[in-house]
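J.: One structure coming up, written as structure tokens, with questions to follow.
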Amino acid sequence: MTLTPIYWGLAAALAAFYLTRVGDPPGRTRTLIKTLSVVALALVAAIGGGFILLVLALLLCAVGDFFLARHGETSLKAGMAAFAAGHLVYIVLFINQGGGVGYDALRIGIQVAVALAAFATARWLWPDLGALRRPVAGYMVIVAGMTLLAIGLPPSLWLVSVGAMLFMTSDALLAGELFKLPQDSPARSWTSPTVWTLYWGGQALITAGFLYPVK
């Protein structure tokens, strides 16, 4: 009997548990739950026979989760660096699996829309980024590139395409939360759970897309 379903269940349970703690102050338990929910996806990928690059990307993102679960500019920069590395690994993986320019009008249209959305988000954030303008801009270019490549993957990997778009959306919302919303904003009651749901759901879809491609 394969252990993959067990780890899928563990990953989903950890992600759901973290959702109940997403608004809590930074702490060891909260950080551990957040990190392990993505480490569990890496275990799913490894045990399920996924590409080593998929496992590596998930583990790098888990490191990013560890740092972003903490407060402070140093942790933010470390988290961004880890996630940027994870996205770069995804880029290599997607290129190896045929990602690129969309193979039909619909995919090309979605890629154009994603590129425009990334540019609009950067312009919206720019006045509030301060000293973080360069690292955030670089990070956004990497995330947008990863997403564009994912959209251009073969039809059998459509779950990966959807997952990457969810991932990018969660990053845009998180950036808005970090740089636009005051700490006491009532909007955080829905932005934080939404960011987590889109992010973890996107990672899960990317993992499932590679493990169970459509025939």
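The values are calculated or read from the model by the stated rules, or taken from the named source; none is laboratory data. From a predicted model like this one, the values you see are computed outputs, not experimental measurements. Ideal geometry is used to build each Cβ from the backbone, glycine not excepted, and the neighbour counts take in all protein chains shown.
J.: Would you point out the residue of segment 138-163, among those that are among the hydroxyl-bearing types (Ser, Thr, Tyr) and crowded, with 21+ Cβ neighbours inside 10 Å, that is farthest from Ala81 (Cα to Cα)?
T.: Keep residues of segment 138-163 that are among the hydroxyl-bearing types (Ser, Thr, Tyr), which gives 139, 147, 156, 161.
Then drop every residue that is not crowded, with 21+ Cβ neighbours inside 10 Å, which leaves 147, 161.
Details: Thr147: 18, Ser161: 23 Å.
The extreme case among them is Ser161.
J.: Somewhere in segment 72-82, is a residue at pLDDT below 95 and acidic (Asp, Glu)?
T.: The answer is yes; a qualifying residue exists.
J.: Every residue in segment 1-44 that is out of contact with any Pro (no Cβ under 9 Å at 6 or more places or on another chain) and among the small types (Gly, Ala, Ser), please.
T.: Listed by number, the residues that qualify are Gly9, Ala11, Ala12, Ala13, Ala15, Ala16, Gly27, Ser37, Ala40, Ala42.
Condition check ((1) more than 18 Å from Lys34 (Cβ to Cβ); (2) in contact with a helix residue (DSSP H, G or I) (Cβ under 7 Å, 6 or more places away or on another chain)) across all residues:
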{"position": "Met146", "(1), (2)": "yes, yes"}
{"position": "Val160", "(1), (2)": "yes, yes"}
{"position": "Thr169", "(1), (2)": "yes, yes"}
{"position": "Gln183", "(1), (2)": "yes, no"}
{"position": "Ser189", "(1), (2)": "yes, no"}
{"position": "Ile206", "(1), (2)": "no, yes"}
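J.: I'd like the full set of residues that are surrounded by fewer than 20 Cβ atoms within 10 Å (Cβ to Cβ) and charged (D, E, K, R), limited to segment 60-87.
T.: Across segment 60-87, the qualifying residues are Arg70, Glu73, Lys77.
J.: Now a separate question. Quick one: in segment 95-111, of everything that is surrounded by 12 or more Cβ atoms within 10 Å (Cβ to Cβ) and within 19 Å of Val143 (Cβ to Cβ), which residue is modelled with the lowest pLDDT?
T.: Gly102
J.: Is there any pair with a first residue in segment 96-109 that is free of Cβ contacts under 8 Å to residues at least 24 places away in the same chain and a second that is surrounded by 11 or more Cβ atoms within 10 Å (Cβ to Cβ) whose Cβ atoms are under 7 Å apart and which are 6 or more apart or on different chains, and what are they?
T.: Note: pairs meeting the criteria are Ile108/Val101; Ile108/Gly102.
J.: Within segment 174-204, can you find the residues that are of a type in the set (A, V, I, L, M), surrounded by 20 or more Cβ atoms within 10 Å (Cβ to Cβ) and farther than 13 Å from Gly23 by Cβ? Walk me through how you get there before you give the answer.
T.: Let us first name the residues in segment 174-204 that are of a type in the set (A, V, I, L, M), namely 174-175, 178, 181, 187, 195, 198, 204.
Within this subset, residues satisfying the condition of being surrounded by 20 or more Cβ atoms within 10 Å (Cβ to Cβ) are 175, 195, 198, 204.
Those that are of a type in the set (A, V, I, L, M), surrounded by 20 or more Cβ atoms within 10 Å (Cβ to Cβ) and farther than 13 Å from Gly23 by Cβ: Ala175, Leu198, Ala204.
J.: Quick check on this structure: which one of Leu132, Leu173 is at negative phi and more than 14 Å from the chain's Cα centre (by Cα)? Spell out how you get there, then give the answer.
T.: Details: Leu173 fails: more than 14 Å from the chain's Cα centre (by Cα).
From the options Leu132, Leu173, the qualifying one is Leu132.
J.: How many residues, within segment 112-131, are over 23 Å from Gly100 (Cβ atoms) and surrounded by fewer than 18 Cβ atoms within 10 Å (Cβ to Cβ)?
T.: Residues meeting the conditions: 9.
J.: Is it the case that Pro193 is more than 16 Å from the chain's Cα centre (by Cα) and either closer than 26 Å to Arg30 by Cβ or not acidic (Asp, Glu) (or both)? Explain how you work it out, then say what you get.
T.: Numbers: more than 16 Å from the chain's Cα centre (by Cα): no; either closer than 26 Å to Arg30 by Cβ or not acidic (Asp, Glu) (or both): yes.
It is false that Pro193 is more than 16 Å from the chain's Cα centre (by Cα) and either closer than 26 Å to Arg30 by Cβ or not acidic (Asp, Glu) (or both).
J.: Going through segment 196-215 one residue at a time, which ones are without any contact (Cβ under 8 Å) to a residue 60 or more places away in the chain and either closer than 26 Å to Leu60 by Cα or not in a loop (DSSP other than H, G, I, E, B) (or both)? Step through it out loud before you land on a result.
T.: Going through segment 196-215, the residues without any contact (Cβ under 8 Å) to a residue 60 or more places away in the chain turn out to be 198-199, 201-202, 205, 208-209, 212-215.
Within segment 196-215, Leu198, Tyr199, Gly201, Gly202, Leu205, Ala208, Gly209, Tyr212, Pro213 qualify.
J.: Would you be able to say whether some residue in segment 124-134 is more than 30 Å from Lys215 (Cβ to Cβ), among the small types (Gly, Ala, Ser) and not in a loop (DSSP other than H, G, I, E, B)? Give the steps one after another, and end with the answer.
T.: Taking segment 124-134 and keeping what is more than 30 Å from Lys215 (Cβ to Cβ), we get 124-134.
Next, only the ones that are among the small types (Gly, Ala, Ser) stay: 130-131.
Filter once more, keeping what is not in a loop (DSSP other than H, G, I, E, B): 130-131.
The answer is yes, given that some residue of segment 124-134 is more than 30 Å from Lys215 (Cβ to Cβ), among the small types (Gly, Ala, Ser) and not in a loop (DSSP other than H, G, I, E, B).
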